[in-house]
Protein chains: 2
Amino acid sequence: MASKAPRPTLALVGATGAVGAVTQQVLAMRADIWGEIRAAASADDAGTVLVVCGREVVVQELSPEFFDGVDIALVDVPAPVAALWAPIAAARGAVVIDNSSALRGDPEVPLVVPEVNPLQIRNRPKGIIANPGATTLTMIDALGVLHAGWELTELVVASYQAASGAGRVGMARLYDELEVVSGHRELGHQPGDVRRLIEHELGAESPFPAPLALNVIPWIGVAAEDGWTSEELKIRNETRKVLGLPDLRVSATCVRVPVVTTHSVAVHATFARKIDVGEARQALVEAPAVVVLDDPESLEFPTPSDIVGSDPRFAGRLRQALDFPNTLDFFICGDNLRKGAALNMVQVAELVARDLAVV
Amino acid sequence: MASKAPRPTLALVGATGAVGAVTQQVLAMRADIWGEIRAAASADDAGTVLVVCGREVVVQELSPEFFDGVDIALVDVPAPVAALWAPIAAARGAVVIDNSSALRGDPEVPLVVPEVNPLQIRNRPKGIIANPGATTLTMIDALGVLHAGWELTELVVASYQAASGAGRVGMARLYDELEVVSGHRELGHQPGDVRRLIEHELGAESPFPAPLALNVIPWIGVAAEDGWTSEELKIRNETRKVLGLPDLRVSATCVRVPVVTTHSVAVHATFARKIDVGEARQALVEAPAVVVLDDPESLEFPTPSDIVGSDPRFAGRLRQALDFPNTLDFFICGDNLRKGAALNMVQVAELVARDLAVV
């Protein structure tokens, strides 16, 4: 109402994927500040009709012209596709918010989490803003709050990442595998028995590099340097960039678990100053998007299936590391499709829209 | 053959549980050095006939007289039961190998892992030797080998622990829950939807403090001091005791995952000296009971369902921590019913039997 500017045109690219579906849910739950809304996907899905904020939107095939007149484009496509199309969209005048990993490392592309570094949306010489990965987003605003109080110096994390991190095909594979193993109470006792049954029933081709039902898989992403995975290095690089701590010491182990949606992270965070667990808890309680579920006496702690589908991050198991005076250990869960992807993109889009209206 | 001593009498206490069943499998696969074999369990299971090393063994109800003439007793019962019965068995002349946590912290009870501290079997003034917990046993011989080379100073670990850590009822609950959720492809998207369906179908009473199917649970054991669980403090205390490092700095986060059997641990281990990943790998390759599965280029890494039912520990994902020059990160899996319980007890029993024969 303060602004007389026309409502911005929003484009959803990759609208028919798992993140696209949640983006539409998230948009429906928030104040509708948008004018026209467009959607694009691969040719296979062109013609699909979506309902976005009450508008019927026909999915188009991606083309340069699709972006003409678009103010803000939320792009959720594989990294090579994003690397190609994000600059095209930006060249056509859209501010691009890209959820792939393609451009997160580019020093001319800011990596923005509204609760942590909102002002970085303005530092976008290429017209592109990147969304961090879902594992980083699970813990980054809790870390931001703690860093503000105690100055983060080291981070050792192990993740428990959900199937939907691999998109719709990841979720479908997990459901398929669960149906195959269900009722087989002899499974899980002999080497490879789960793998043999699943590969016999479903074939070996999978979005995951091992069976996921009745298993955990310590390999996510692709091989990077020296035995690290791309996913593990992303956590290091993205945390450093969002927090503005280029020398932060980080070690991450990323593991896929048979959960549909919501990533969890076991965090061992070390600070420059001695951290008091009561003060840390209070800082997290006051953080707007973090909910503290931490009453061990009544078995209150976050689990992914209990918090999936909600917007905040849920932190629990807060404890002072017994042998590390400046270290806090905790466990934190966040919906990897919401804050871990769609919600953060929409929040960034809203910040940009407000900023465009002011300018 | 070297010894003319009569073959020792072996007693299995808690013979009808999940660990008892695997103990019988393990005994059947090893050289039969035993004379008489007896078995005891709770009154409910008395009269059950087991076949142990080819002998038919009728399960007896536990009594003081049960231990008369027993040389070595393998005890796998809940901690309060063990605290009561282990001294009774020892008073009747048996060397007790106790798998509960009841006596692990007693300075007069050695905690023995044959690959790490075999000579400790002789320091048993109470006639009792304790078996470490399964999570400690998953990583302890790998840590022992690395400690011998580089001197361990700090340990940060996060676990992925299987349902059978809660015994037969734990496995049964996981299978039950999987049958309930299987086929419900709408599950895992709304807060608590998995919990509601499972509690509706199976009731809320469970060996686990939250749903385990399609979930992970960051709470194992009971509340200990300052927000830590008993399971997390066990890892700290047991690792220190087995390695003889009372000041080792340890932080552990223990998480239950929907795997039937085999615990996994993400390990971040720091040493007094700079560690070279190639040398560390070679040391682990040479360790008799550790198998290194670590060829990232061909996606070779250990997963619990691939290695369950086998004796060694399987280590992979070995990498030099990028920002911590003296730190090695790795992922390790071990069958929590075999090495994590039955196998280690049997190995200790064999050491004691050999020692008794010599004496």
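Structure notes:
- With 10 Å bins from 0: P(r) over segment B:76-155, alpha-carbon pairs, percent: 19, 46, 26, 9, 0
- These residues, A:Arg236, B:Arg317, go from largest to smallest accessible area, 1.4 Å probe, as A:Arg236, B:Arg317.
- Charge sum, other residues only, whose C-beta stays under 12 Å from B:Asp355's C-beta, Lys/Arg counted +1 and Asp/Glu -1: +1
- With Rh defined as the Kirkwood radius, the inverse of the mean 1/r over Cα pairs, the Rg/Rh of segment A:21-100 is 0.94.
- Cα gyration tensor, segment A:8-58 - rounded (a/c under 1.5), prolate or oblate: prolate
- Surface analysis of segment B:83-129 yields an accessible area of 43 Å² per residue, using protein heavy atoms and a 1.4 Å probe.
- 5 angstrom amide H check on A:Val291, placed H, neighbours 5+ away: A:Arg313, A:Phe314, A:Ala315
- Interface size A-B, as summed buried accessible area [1.4 Å probe, Å², nearest 100]: 6700
- Test item: A:241-250 mean partner chain Cβ contacts at 10 Å: 1
- At q = 0.24, 0.25, 0.26, 0.27 Å⁻¹, base-10 log of I(q)/I(0) for segment B:213-291 (Debye sum, equal scatterers on each alpha carbon): -1.24, -1.26, -1.29, -1.31
- Surface/4 of the Cα convex hull for segment B:204-356, nm²: 12.3
- Chain B shape via C-alpha gyration tensor axes, a/c threshold 1.5: oblate
- With every protein chain in place, the protein assembly as shown: carbon and sulfur % of accessible area (1.4 Å): 53
- The length gained on full extension between B:Gln282 and B:Asp311, counted as 0.36 nm times the residue separation minus their Cα-Cα distance, comes to 8.4 nm.
- 10 Å Cβ neighbours from other chains, averaged over peptide A:318-331: 5
- On the principal axes of its alpha carbon atoms, segment A:202-249 extends 45, 21, 14 Å, with the longest extent given first.
- Burial order of peptide ranges A:337-344, A:69-76 (average beta-carbon count within 10 Å, highest first): A:337-344, A:69-76
- Helix-only CD estimate at 222 nm, as mean residue ellipticity for chain A, using -39500 (n - 2.57) per DSSP H run (n ≥ 4): -9500 deg cm²/dmol
- Summary value for chain A: 19 percent relative contact order, contacts being C-alpha pairs under 8 angstrom separated by 6+ residues.
- Counted residue by residue at 0.36 nm each, then reduced by the alpha carbon distance between them, the extension gain from B:Ser42 to B:Val222 reaches 62.4 nm.
- Dipole axis of the protein assembly as shown (+1 Lys, Arg; -1 Asp, Glu on Cβ), positive-most option in B:Ile198, B:Ile275, A:Pro209: B:Ile275
- Shape category assigned to segment B:271-347 from the gyration tensor of Cα positions, a/c cut at 1.5: prolate
- Across segment B:139-176, the residues whose backbone nitrogen lies under 13 Å from the label position 7 Å along the beta-carbon direction of B:Ser230 are B:166.
- Residue-span extension gain [B:Glu201 to B:Arg168] - 0.36 nm each, minus C-alpha spacing: 9.9 nm
- Shielded residues, segment A:171-193 - accessible-area loss of 40 Å² or more between chain alone and all protein chains, probe 1.4 Å: A:Tyr175, A:Leu178, A:Glu179, A:Ser182, A:Arg185, A:Gly188, A:His189, A:Pro191
- Debye equation applied to the C-alpha atoms of the protein assembly as shown, log10 I(q)/I(0) at 0.05, 0.08, 0.10, 0.11 Å⁻¹: -0.26, -0.64, -0.95, -1.12
- Cα coordinate range in segment A:67-225, projected on the principal axes (Å, largest first): 58, 45, 29
The values are calculated or read from the model by the stated rules, or taken from the named source; none is laboratory data. Here the structure is a predicted model, which means the values were calculated and not measured. Please note: Cβ atoms are built from the backbone with ideal geometry, for glycine as well, and neighbour counts cover all protein chains shown. With ligands, DNA and RNA removed, areas are computed over all heavy atoms of the protein, side chains included. Shrake-Rupley method; radii C 1.70, N 1.55, O 1.52, S 1.80 Å.
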